[in-house]
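Computed from the coordinates by the stated procedures, all read-outs in this text should not be read as laboratory data. Only a predicted model underlies this, so the values are computations on that prediction, with no experimental measurement involved. Note: ideal-geometry Cβ built from the backbone for every residue, glycine included; neighbour counts use all protein chains shown.
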Amino acid sequence: MRILIVEDEEKLAQSIKKGLEAKGHAVDYVLDGQEGEQRAEMFADNYDLLILDLMLPKKNGFEVCKSLRDKGLTFPILILTARDTIEDKVLVLDNGADDYLVKPFSFEELSARMRALMRRPTDALPTELQIKDLRLNPSTREVYRGEKKIDLTLKEFEMLNFLMRHPGQVKEREEIFTHLWDFASNALSNVIDVHMKNLRKKIDDGYDEKLLETVRGVGYKIEG
Ligand code: CA
């Protein structure tokens with residue numbers, strides 16, 4: 001997943017980023033509400049989740065959240081707040097957020113909330129993705145082809161996850177890249193080709209039916 005964090009405590013933003021990256025996500029962070037809103041709006045199609053602090057310079061989290069929803073953006077928004085009152089909770093949800101987490105929180109709590117959000121029916125995500133005899137479980141991060149368990153690296157897993165959510169659709173390199181690498185990344189887009197080559201070896205080698213297809217000059221797709 002690609003995640004945007006809007007949080008003015010830079011140390012906290014960095015530690016969340018680090019933790020999420022260790023789980024294979026691509027993470028960007030910005031330090032004020034105004035830039036957060038602009039970034040979220042401009043790259044709305046690329047982000048799968050917004051983690052938004054409430055007390056922010058320039059524009060607070062309530063306003064950012066409401067404004068993004070007013071513009072019709074639907075990605076899940078998880079609010080971080082230092083306050084814990086019933087009024088705040090109601091206000092947060094009234095402004096279009098999906099859930100909130102009270103500071104200080106553990107990384108495990110954050111992960112659990114994220115998993116819950118990703119399971120929300122708005123996204124209608126099945127717990128397990130299946131294409132032909134290839135199965136991917138986003139919660140356990142296990143992948144099987146038939147009875148055979150396939151071990152993937154973090155990036156290979158995220159790429160396969162992304163393609164399997166859009167079966168039969170050609171995904172351009174650029175799109176794959178913006179979903180799986182953050183802005184600060186200096187990785188070249190040909191890293192995608194390298195990862196795809198390895199991924200193909202793991203899921204298709206030795207099988208008559210090939211599932212991962214290269215669309216020359218464009219990108220990749222998983223057969224639907
Ligand atoms: Ca703050």
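Data overview
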read-out	value
Taking only Cα atoms of region 2-118, radius of gyration then Dmax in Å	12.7, 35
Qualifying aspartates and glutamates (Cα of each under 13 Å from Cα of residue 155; at least 8 residues distant if same chain)	21, 182, 193
Dipole magnitude of region 1-96 about its Cα centre (Cβ charges: Lys, Arg +1; Asp, Glu -1), debye to nearest 20	200 debye
Amide H contacts of residue 100 (H built 1.01 Å from N, under 5 Å, at least 5 apart or other chain)	79
Backbone HN-Hα couplings from phi across region 13-20 [Karplus 6.51/-1.76/1.60, Hz, Gly and Pro as x]	4, 5, 6, 5, 4, 4, x, 6
Amide hydrogen neighbours beyond the local backbone of residue 5, cut-off 5 Å, H modeled	28, 29, 30, 51
Candidates 58, 23, 171, ranked by Gaussian network fluctuation over the chain, Cα under 10 Å, top entry	58
Highest-fluctuation residue, 193, 28, 182 considered, GNM on the chain with Cα pairs under 10 Å	193
Rounded tilt (10° steps) of 190-204 against the dominant C-alpha axis of the chain	60 degrees
In Hz, Karplus ³J(HN,Hα) per residue of region 160-173 (6.51, -1.76, 1.60; θ = phi - 60°; x = Gly, Pro)	5, 4, 4, 5, 6, 7, 10, x, x, 9, 6, 9, 6, 3
Most to least packed among 218-224, 83-89 [average Cβ atoms within 10 Å]	218-224, 83-89
Globularity index of the chain, i.e. its alpha-carbon radius of gyration over 2.2 N^0.38 Å	1.07
Calculated FRET efficiency for the pair residue 148/residue 194, C-beta based, R₀ 22 Å, to 0.05	0.45
Calculated FRET efficiency for the pair residue 116/residue 172, C-beta based, R₀ 35 Å, to 0.05	0.70
Sites residue 137 and residue 69, calculated FRET efficiency, Cβ-Cβ separation with R0 30 Å, nearest 0.05	0.45
The chain, dipole about Cα centre (Lys/Arg Cβ +1, Asp/Glu Cβ -1), debye to the nearest 20	620 debye
Of 23/197; 17/132; 11/71, pairs whose Cα-Cα distance is over 27 Å	17/132; 11/71
Furthest towards positive pole of dipole, 166, 3, 91, structure part the chain, Cβ charges	166
From phi via Karplus (6.51, -1.76, 1.60), per-residue ³J(HN,Hα) for region 81-96 in Hz, x at Gly/Pro	9, 8, 9, 9, 10, 4, 4, 4, 4, 4, 4, 4, 6, 4, 8, x
